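Colleague: The following block contains the structure, expressed as structure tokens.
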Amino acid sequence: MDISITTILQHIGLELPYAWIIITSATFFAGLYFAFRAIIEFKKYADAQGTGRADIRKPIFALLAAIALLYWPTLVRFSMESVFSTTVITPYQYMSGKSQTYNLMMKTVGMFVQIIGYFSFIRGWIILTEIGRQGGKPGQLSRALIHIIAGLLAVNIFGTWEVFKSIIGIS
């Protein structure tokens with residue numbers, strides 16, 4: 001049996017679409033969790049409003065995260081259109097004059113970077129829900145925004161690379 005880097009990458013590339021299904025399902029359930037958490041936090045806010053210890057940040061950020069995670073494919077598509085002027089978020093747009101093995105490797109690596117970008121994007125919204133918590137760490141908002149922006153850039157890694165090349169003048 002001939003095992004080469006090409007066959008390994010072909011098999012990995014065939015299995016990655018199933019990872020997208022798992023990620024989409026997990027994101028949807030996380031969105032539902034944060035929606036229920038937002039409802040509970042709004043109830044706690046309404047109950048504690050007369051005591052002076054009411055903090056509206058927790059329910060607001062939980063609601064924002066719920067909306068973002070429930071509608072994340074649409075949110076990513078609109079973000080891609082705003083930043084890169086395209087809704088194409090697949091690495092298959094990458095074409096090179098290199099060998100077939102090199103192109104296959106770049107497509108597979110691009111898909112891995114996209115998965116990492118989606119995780120970063122989702123993680124940013126989850127970090128955002130921790131802002132209003134008691135004893136929260138300072139800098140949570142900036143950390144969340146960095147995850148969201150870096151995730152967006154990683155989702156379209158080849159578009160990001162083209163923008164970077166044009167900025168620094170690489171041909």
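Colleague: Considering only segment 118-150, state which residues are at pLDDT 90 or above, crowded, with 20+ Cβ neighbours inside 10 Å and closer than 19 Å to I22 by Cβ.
Modeller: Scanning segment 118-150 gives no hits.
Colleague: Kindly evaluate I168 against the criterion of being over 20 Å from I67 (Cα atoms), surrounded by fewer than 14 Cβ atoms within 10 Å (Cβ to Cβ) and either of a type outside the set (F, W, Y) or touching a Lys or Arg at 6+ places or on another chain (Cβ under 7 Å) (or both).
Modeller: yes
Colleague: Could you list, in sequence order, all residues of segment 49-86 that are surrounded by 12 or more Cβ atoms within 10 Å (Cβ to Cβ) and not in a helix (DSSP H, G or I)?
Modeller: A54, D55, I56, Y71, T86
Colleague: Another question about this same structure. Residues T90, T27, T101: which one is at pLDDT 75 or above, of a type in the set (S, T, Y) and within 23 Å of V155 (Cα to Cα)?
Modeller: After applying the criteria, what remains is T27.
Colleague: With the condition kept exactly as written, say whether any residue in segment 4-14 is part of a helix (DSSP H, G or I) and at pLDDT 85 or above.
Modeller: Checking segment 4-14: not a single residue is part of a helix (DSSP H, G or I) and at pLDDT 85 or above.
Colleague: Among the listed residues A46, A35, which satisfies the condition of being at pLDDT 80 or above, surrounded by 13 or more Cβ atoms within 10 Å (Cβ to Cβ) and in a helix (DSSP H, G or I)?
Modeller: Among A46, A35, only A35 is at pLDDT 80 or above, surrounded by 13 or more Cβ atoms within 10 Å (Cβ to Cβ) and in a helix (DSSP H, G or I).
Colleague: Then there is this: Please tell me if R57 is among the basic types (K, R), at pLDDT below 85 and more than 20 Å from the chain's Cα centre (by Cα). Steps first, answer last, please.
Modeller: Details: among the basic types (K, R): yes; at pLDDT below 85: yes; more than 20 Å from the chain's Cα centre (by Cα): yes.
Considered against the rule, which asks whether it is among the basic types (K, R), at pLDDT below 85 and more than 20 Å from the chain's Cα centre (by Cα), R57 comes out as yes.
The values are calculated or read from the model by the stated rules, or taken from the named source; none is laboratory data. The model shown is predicted, which means the values in this text are computed figures rather than measured ones. Positions of Cβ are generated from backbone atoms using ideal geometry, with glycine treated the same way; all protein chains shown enter the neighbour counts.
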